[in-house]
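Taken together, the values in this text are just the output of simple stated rules run on the coordinates, not laboratory data. Bear in mind the structure is a predicted one, so any value in this text is a computation, not a measurement. Here the Cβ positions follow ideal geometry from the backbone for every residue, glycine too, while neighbour counts run over all protein chains shown.
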Amino acid sequence: MAQRNKSDVDEELTEQFNWYDYARLARYIKPYMKKIYQILIVIILANVAGMLGPYFTKITIDSIIPNKNLSGLWLIGILFTLSLFFIGWCMRYRIYHITELGQDVLKDMRLDIFQHLQKLSFSYFDSRPHGKILIRVVNYINTLSDLLSNGLVNLISDIFNVVITLIFMFAINAKLTLYSLALIPILIVMVMVIQSKQRRAYQTLSNKQSNLNAYIHESIAGIKVTQSFAREQENFRIFDETNEDNRRTWMHAVKIQFLLWPGVQNISVITMCLIYFVGIRQIGVEVSTGTLIAFIGYVNNFWNPVINIGNFYNSLITATAYLERIFETLDEKPEIVDHPGAKPLPQIEGNITFKDVTFRYEPGKDILKDVNFHVDHGQSVALVGPTGAGKTTVINLLSRFYDVNEGEVSIDGHNVQDVTLASLRRQMGVMLQDTFIFSGTIMENIRYGKLDATDEEVVAAAKVVRADDFISELKNGYDTVVEERGSTLSAGQRQLIAFARVLLADPRILILDEATSSIDTRTEELLQSGLLALLEGRTSFIIAHRLSTIKNCDQIFYVDGGKIAEHGTHDELMAARGLYYKLYQSQYDMLRLAHD
Ligand SMILES: Nc1ncnc2c1ncn2[C@@H]1O[C@H](COP(=O)(O)OP(=O)(O)OP(=O)(O)O)[C@@H](O)[C@H]1O
């Protein structure tokens, strides 16, 4: 199980970054190598065109003007203008395609991480604030943008420049070239020392950014509670602290990052002095004045790309802190997966068996202990019991949102762990306690249950669960746009939509967790008649605190103390005068009191 985390606690890295991860990054770049080569060719052509200017000037001054060659002047003028246009086009091509390259790679990475997140088990999402997941998909990936576009292309052209310049330098004077490289080991040591500090600083920074994001995300999600408790000042204080923490960490990281640049500059200046020192003493002996001047020019040419490569390395180290989080997410193994050799669950009837099932969310705290029961297909089962007894847990195991620790859950004799998840969940309609409405129209929200459902099918499902009554009264009916979480709808309306969604999916096994808790009793009564027809022939599990809802179920399981403490029909349990009886009586008394 993933380690639990919250918005004011830094996340620990589960896996340290290693050099292999850069190869992994390169894999994202590989499909775009053709584009990179094209950009490089355009850069080289632009450089060549750039060199034509001084050459045209030379021809004009040395030959065209003295000879008063007007047509030659026109020709040079036109060629010069064309070369400028060409350089302009190259620049546009370069900027556009480098940006496109970066975005293409980021898009692929984002797609991978999103796809992977969709497969991760509930326990992963249970264990950390969602803002900390969000920041990985959006912000961390964005930080790689410049590195993967400009950085990468410039790196290739800089390495190219360094190699060419070195060849020229060696050709002119090998001894001076070796002097020029004498301080490179110092540079390497410096880079090594700084890089480990810099990496740690950026790791801390990524954590602080993650904390900040998680707090903002949580504050927005809980804004109604914040305002109703007038807690704005306290939230402001917490945010201010988190924000300041982020600023301080940022400044520290940047301070370390910028140690490298002056270091490289100093080394280049010292190298230059060394060349002058050695070179001037050798003028006339081994080196001519012209050679020394040309050599100094090449040393300059050599250091510019070296400084750029240093900067690239710097950005790479910075990006590493984000990359390791991205790869950490991609490496997170879904806990609930198809086991090797899992077969698709055939069309089921819906016979369900729990055999000696023990389950815990966390070590040492059993929620269910040796639970045994059998439900025949077509039966309706109600799960009742005190808050936190484990009712939702029972259906979480049935839908295999979690795996049992001991025992077995089977449907029609198939262990749910031996069949493919998709084939299992397709035959199951689950309406969870916290109904989720997605941003979009009501029609789209209901159609979520069956993507190819026609409008008529959607409306028919809504009619059965009495959602049609309120939807038809909305100005835009089924085309009414609702916000994420359905904030513009009442809790009961949200439940009715979720109800229609699950019924549209037409599952063999229907699971309704507190599906009607926010619906008024009159609507619920109306809904019951439609529901009864729908439950017919399907195995259904209904969790409800309002016992009037489940009186007619074929079996009632009273969950308590990690067990099915009582089971039977309503009449049997009432006659037994046990836990269920007491619960029913207390609700009945409360209703009577309220009525009086
Ligand atoms: N994701 C989770 N991680 C850790 N513990 C959990 C998790 N979900 C539930 N629990 C714990 O497991 C126990 C059973 O929870 P469950 O949701 O099954 O209860 P329930 O009977 O459905 O309660 P309610 O009637 O309040 O909905 C509770 O003590 C709860 O705190």
Where does helix 20-29 land angle-wise versus the long Cα axis of the chain, in degrees 0 to 90, nearest 10? 90 degrees
Could you sort the peptides 118-127, 142-151 by per-residue average Cβ neighbour count (10 Å cutoff), highest mean leading? 142-151, 118-127
If you line up the long axis of helix 260-282 against the longest principal axis of the chain, both from Cα atoms, how many degrees apart are they, to the nearest 10? 20 degrees
Over all alpha-carbon pairs in the chain, figure out the percentage whose distance exceeds 39 Å. 52 percent
I'd like the Karplus ³J(HN,Hα) series for the stretch 42-49: coefficients 6.51, -1.76, 1.60, θ = phi - 60°, whole numbers in Hz, and an x wherever there's a Gly or Pro. 5, 5, 5, 4, 5, 5, 4, 4
For the stretch 437-506, with equal point scatterers placed on the C-alpha atoms only and solvent neglected, what are the log10 I(q)/I(0) values from the Debye formula at q = 0.12, 0.20, 0.23, 0.26 1/Å, to two decimals? -0.23, -0.68, -0.93, -1.22
About its Cα centre, the stretch 310-425 carries a charge dipole, from +1 on Lys and Arg Cβ atoms and -1 on Asp and Glu Cβ atoms, whose size in debye to the nearest 20 is 260 debye
Can you pull a Stokes-Einstein diffusion coefficient for the stretch 14-74 at 25 °C (0.890 mPa s), Rh from Kirkwood over Cα pairs, as a whole number of µm²/s? 154 µm²/s
Just going by the charge dipole of the chain, with Lys and Arg at +1 and Asp and Glu at -1 on Cβ, which of Asn552, Gly429, Tyr22 is farthest out on the positive end? Tyr22
Please name which of Phe56, Met192, Val137 has its Cα lying farthest along the dipole of the stretch 20-331 towards the positive end, using unit charges on Cβ (Lys, Arg +1; Asp, Glu -1) and the Cα centre as origin. Phe56
Net charge contributed by nearby residues that have their C-beta within less than 15 Å of Ile275 (K/R +1, D/E -1): +1
Förster-model FRET efficiency, 51 Å R0, Glu335 and Val269, C-beta, rounded to 0.05: 0.35
Less than 12 Å Cβ to Cβ from Asn142, Lys/Arg counted +1 and Asp/Glu -1: what total charge do the surrounding residues give? +2
Work out, in µm²/s and without decimals, the Stokes-Einstein translational diffusion coefficient of the stretch 20-331 at 37 °C, 0.692 mPa s, Rh from Kirkwood over C-alpha pairs. 138 µm²/s
In degrees rounded to 10, the 0-90 angle between helix 491-504 Cα long axis and the longest Cα principal axis of the chain is 90 degrees
Prolate/oblate/rounded call for the stretch 57-124, Cα gyration tensor, a/c under 1.5 rounded: prolate
How many angstrom separate the Cα center of the stretch 229-274 from the Cα center of the stretch 83-150? 23 Å
Calculated P(r) of the stretch 411-532 - Cα pairs past 21 Å, %: 37 percent
In what sequence, highest mean first, do 160-168, 276-284 appear when ranked by Cβ atoms within 10 angstrom? 160-168, 276-284
Give the Debye-formula value of log10 I(q)/I(0) at each listed q (0.13, 0.14, 0.16, 0.24 Å⁻¹), with one equal scatterer per alpha carbon of the stretch 269-369, two decimals each. -0.82, -0.87, -0.94, -1.22
Which of the peptides 96-106, 241-251 is most tightly packed, and how do the rest follow, going by the mean number of other Cβ atoms within 10 Å of each residue? 96-106, 241-251
Provide, for q = 0.17, 0.23 Å⁻¹, the log10 of I(q)/I(0) from a solvent-free Debye sum over equal Cα point scatterers in the stretch 139-223. -0.95, -1.14
With r defined as the distance between the Cβ atoms of Gln587 and Arg426 and R0 fixed at 41 Å, what FRET efficiency is calculated, to the nearest 0.05? 0.70
